[in-house]
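Everything on this sheet refers to the single structure shown next.
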Amino acid sequence: MQVRGLAAQKSGDNLSPFEFQRRELGNHDVALDISFAGICHSDIHQVREEWGPAIFSMVPGHEIAGIVTAVGASVTKFSVGQKIGVGVFIDSCRTCSSCLAGLQQYCEEGMTGTYNTFERDGKTVAYGGYSNGFVINEDYAVHIPENLSMAGVAPLLCAGITLYSPLRTWNAGPGSKVAVVGLGGLGHMGVKFAVALGAEVTVLSHSPAKRDDALAMGATHFVDTSVEGSLKAYEKHFDLVLNTVSAPLNINDYLNLLKLDATLVVIGLPGKAYEVNAGTLLNGRRRLAGSMIGGIPQMQEMLDFCGVHNITSDVEIISADYANEAYERTIASDVKYRFVIDASTF
Ligand code: NAP
Ligand code: ZN
Ligand code: ZN
């Protein structure tokens, strides 16, 4: 299948137009026309090799919303014309205990990422979602509720599930106080989900201009972390702190905000180690945890939840030729709140 997209040809390169082949439709495959592809900060980290050596040519993109155009002979889950979503992985071993539990993201052999990796044959480069067409095994795709806009849905496939999952793992709901650190693509989805689940939500942001948006999304408090000492009033305050920040920060300042037995979940992945102060962690029996995206069953649960509660991402729709500028603006925390590329412009 011949497709058009955007690729970086080597580390740190700008994205430029790229034509390439995807595999022909197998028996269990679904082909889709991509409608929108979200720009996740993970795309930027990988194009710039901030997580270590990467595979080039790289077609980034793991927030993919499209329409099914063809199905393989054995496909039962999808039919032509349906809305379909693809996220951060396209395959896994299918037999380990994580895969059998529907936690494919924690596959013991390692999930097969949507890009910057090889497919399970060990030699075919996986090309991501910044393109106009995709082929996916039906078991690794999800249904998109009919009532949701495709542009606003694309970011749910990574940013959405990545915040929905820890909110469910740590039982955010009525009576719990949740803090979201960083109001970016991930963070703003965390605010929307935590509010919909009934939690009291506080946004901790270094961008004071985002205050009104945070409150409009349902947060009840906004703390401008660029003001020295602003976190002081929130020490021992939260049941759950979700750190979505893409840059290194002093994690101890945020551990201090946890109540007895409460949890700080690391979600942002700046590619640099945090220095944890043992005294801060053990005082209050605090927990420091991590969470990575979500498995296929939970992705579907999240999308169904969005359909019922009418939740989508706030997006800025761009054409393919704006992607490099969108990267710079994302790094500058200057996006409301996710760029999505209109795939008809590739
Ligand atoms: P994003 O849209 O760029 O948002 C990151 C936010 O972090 C910014 O909006 C900003 O929020 C804050 N921030 C950025 N630089 C900062 C700095 N120097 N100091 C303090 N705060 C800063 O990024 P994203 O797409 O949401 O991704 C966030 C991180 O999560 C990335 O590292 C990404 O790789 C990672 N990620 C992890 C998973 C997972 O499974 N765990 C999945 C996807 C992405 P304010 O302006 O409000 O301060
Ligand atoms: Zn992502
Ligand atoms: Zn597995």
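The values are calculated or read from the model by the stated rules, or taken from the named source; none is laboratory data. This is a predicted model, so every value here is computed, not measured. Reconstructed Cβ throughout: ideal geometry from the backbone, glycine too, with neighbour counts over all protein chains shown. Side chains included, ligands, DNA and RNA excluded: accessible areas come from the protein's heavy atoms. Shrake-Rupley method; radii C 1.70, N 1.55, O 1.52, S 1.80 Å.
Each residue in the stretch 122-169 was checked for being without any contact (Cβ under 8 Å) to a residue 24 or more places away in the chain and of a type in the set (Lys, Arg), and 1 of them qualify. Considering the stretch 47-163, the qualifying strands (runs of 3 or more DSSP E), each wholly inside and each with 2 or more residues that are within 15 Å of the chain's Cα centre (by Cα), run over 64-71, 83-86, 89-91.
Among the residues of the stretch 99-121, which ones are without any contact (Cβ under 8 Å) to a residue 24 or more places away in the chain and more than 16 Å from ligand 2 (Cβ to nearest atom)?
Narrowing the stretch 99-121 to residues without any contact (Cβ under 8 Å) to a residue 24 or more places away in the chain: 99-100, 107-112, 121.
Listed by number, the residues that qualify are CYS99, LEU100, CYS107, GLU108, GLU109, GLY110, ASP121.
For the stretch 14-35, the criterion of a residue being under 22 Å from the mean Cα position of the chain (by Cα), under 19 Å from VAL125 (Cβ atoms) and within 16 Å of ligand 1 (Cβ to nearest atom) is satisfied by no position.
Of all residues in the stretch 12-44, those that are open to solvent by 10 Å² or more (accessible area, probe 1.4 Å), under 23 Å from VAL245 (Cβ atoms) and touching a residue at least 40 places away in the same chain (Cβ under 8 Å) total 2. Within the stretch 261-282, the set of residues being near ligand 1 (Cβ under 9 Å from one of its atoms), within 16 Å of LEU242 (Cα to Cα) and surrounded by fewer than 17 Cβ atoms within 10 Å (Cβ to Cβ) comprises LEU269, PRO270.
Residues in the stretch 244-254 include at least one that is open to solvent by less than 10 Å² (accessible area, probe 1.4 Å), within 26 Å of ILE331 (Cβ to Cβ), assigned by TED's automatic domain parsing to the domain that holds ALA199 and not in a strand (DSSP E or B).
Remark: THR162 falls outside the filter, which requires a residue to be within 16 Å of GLU301 (Cα to Cα) and surrounded by fewer than 18 Cβ atoms within 10 Å (Cβ to Cβ). Residues of the stretch 283-325 that are among the hydrophobic types (A, V, I, L, M, F, W, C) and crowded, with 20+ Cβ neighbours inside 10 Å: ILE293, ILE296, MET299, MET302, LEU303, CYS306, ILE311, VAL315, ALA320, ALA323.
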